[in-house]
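Remarks on the structure that follows.
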Amino acid sequence: MSKISKLFAVKDVYNPEASDALYVEAMRENCAFSYNNCKEYQKILDAKGFKPKTITKMEDIERLPFIPTATFKRHELYSMPKHRHFIKATSSGTSSGIRSKVALDFTGCLHALRMVFKVMNQRHVISLRPCHYMVLGYKPNRHNEMAVMKTAYGFTWLAPALSRTYALKYSNGSYAPDLEGIINAVLKKGRGRAPVRFMGFPAYTYFVLKMMKDRGLSVKLPEHSMIMLGGGWKQFYKEAVDKETFYQLAWEVLGIPEDRIVESFGAVEHPVLYLDCPHHHFHVPAYSRVFIRDPHTLEVLPYGRVGLVNLTTPMIKATPLLSVMTDDLGILHNEPCPCGCKSPYLEIIGRVGLKDIKTCAAGAAKLLEGGMDK
Ligand SMILES: [Zn+2]
């Protein structure tokens, strides 16, 4: 069994001490593969005089040259031929329409599946109880390879689906929001016996809750109903809606308690699933390690300091995603969490001021005003 597969089989997902040694070996294994099979990656490492076999401890992963996520928007980097690209995914795009393209290999996808089940189980998201889904995101269509859409759709398999209602529908070459359709479906299906699950962009979920509250509409959703949020809260910072307000609104309008609100995040360039714990902290799982770097010197900062978020994982072999540098600003916390997880947790606090970088979620308000290309 490869070291990477062993890492994805670890029992204790949130105990870094138990997986550190294996993590280092898995990174070395993937690094050697990527170095030998991707010319561009080889060039990047050679330029820094870095050899994969020198990865023997965690500090070596800090030294491993990282690739900025913006690079994947301009270049397609692959370590496997096209016929071995099992899934292709693109980022949500920016206002300039440039997206990252990433290919996932079959084994990488199996690891991903294993990860999703283990991580989701922590919050009892996987269930055999059939439910109605309200997808506050894109309805899949064959022209669309966006990872957020695939993820949201994938999450509608975590419990059997009685129905799926989508907020963003595709017609005549673009997506248009239909929040009224969601509200009608919530009022209708929410009065039945089966639980209702919301999933998708926090912005849309918030808009729906706010619209319902403003109209004096509320429903007490059946037990086991839940809200799954994914795709980021960044737009909330601007609108000054904090999470507490959101939780309060969900309780008032839908009768969903805070412990049934689960948030996740991930990125096309780093397809590791981060799920918040009951205290809403994003603990780093065994499958990745996070470094926070000084924006000027790029040196790794200690816990508790704000810096650029550098994400590492040996999960995928088809694209060299071993170490990617995001344009997110974050903090890695290492204080004990009441949930009992031993791993540090990541707090994303915003994005570096590049005005043309806007995620699709952040563009939600714009989309509501007038349509947006797929
Ligand atoms: Zn926790």
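Derivation of every value follows stated rules applied to the coordinates shown; laboratory data play no part. These figures come from a predicted structure and were not determined experimentally. Cβ placement follows ideal geometry from the backbone for every residue including glycine, while neighbour counts extend to all protein chains displayed.
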inquiry  = I'm checking my understanding of the structure. Among residues of the range 256-287 that are more than 13 Å from the chain's Cα centre (by Cα) and more than 16 Å from the ligand (Cβ to nearest atom), which one is nearest to A26 (Cα to Cα)?
reply    = Y287
ask   = Of all residues in the range 273-332, which are of a type in the set (A, V, I, L, M, F, W, C), in contact (Cβ under 8 Å) with a residue 40 or more places away in the chain and part of a strand (DSSP E or B)?
value = L273, L275, F282, V290, F291, I292, V300, L308, L311, V324, M325, L332
ask   = Which members of the range 57-96 meet the condition of being among the polar types (S, T, N, Q), part of a loop (DSSP other than H, G, I, E, B) and either free of Cβ contacts under 8 Å to residues at least 12 places away in the same chain or touching a helix residue (DSSP H, G or I) at 6+ places or on another chain (Cβ under 7 Å) (or both)?
value = S79, S91, S92
key: Matching entry among I55, I67 (being β-branched (V, I, T) and within 22 Å of the chain's Cα centre (by Cα))   = I67
task = Select from the range 262-272 the residues that are in a strand (DSSP E or B) and not hydrophobic (A, V, I, L, M, F, W, C) and list them in ascending order.
result = E263, S264, G266, H270, P271
task = Search the range 336-347 for residues that are under 21 Å from K11 (Cβ atoms) and more than 6 Å from the ligand (Cβ to nearest atom) and pair each with any residue that is of a type in the set (V, I, T) and part of a loop (DSSP other than H, G, I, E, B) when their beta-carbon atoms are under 8 Å apart and the residues are at least 6 apart or on different chains.
result = S343/V284; P344/V284; Y345/V284
task = Being in contact with a helix residue (DSSP H, G or I) (Cβ under 6 Å, 6 or more places away or on another chain), surrounded by fewer than 16 Cβ atoms within 10 Å (Cβ to Cβ) and either touching a residue at least 40 places away in the same chain (Cβ under 8 Å) or not in a helix (DSSP H, G or I) (or both) is the filter here, so list the residues in the range 3-45 that pass it.
result = D12
ask   = In the range 288-300, which residue that is touching a strand residue (DSSP E or B) at 6+ places or on another chain (Cβ under 7 Å) and β-branched (V, I, T) is nearest to the ligand (Cβ to nearest atom)?
value = V290
task = Taking Y204 as meeting all but one of (1) outside any helix (DSSP H, G or I); (2) touching a residue at least 60 places away in the same chain (Cβ under 8 Å), write down the number of the exception.
result = (1)
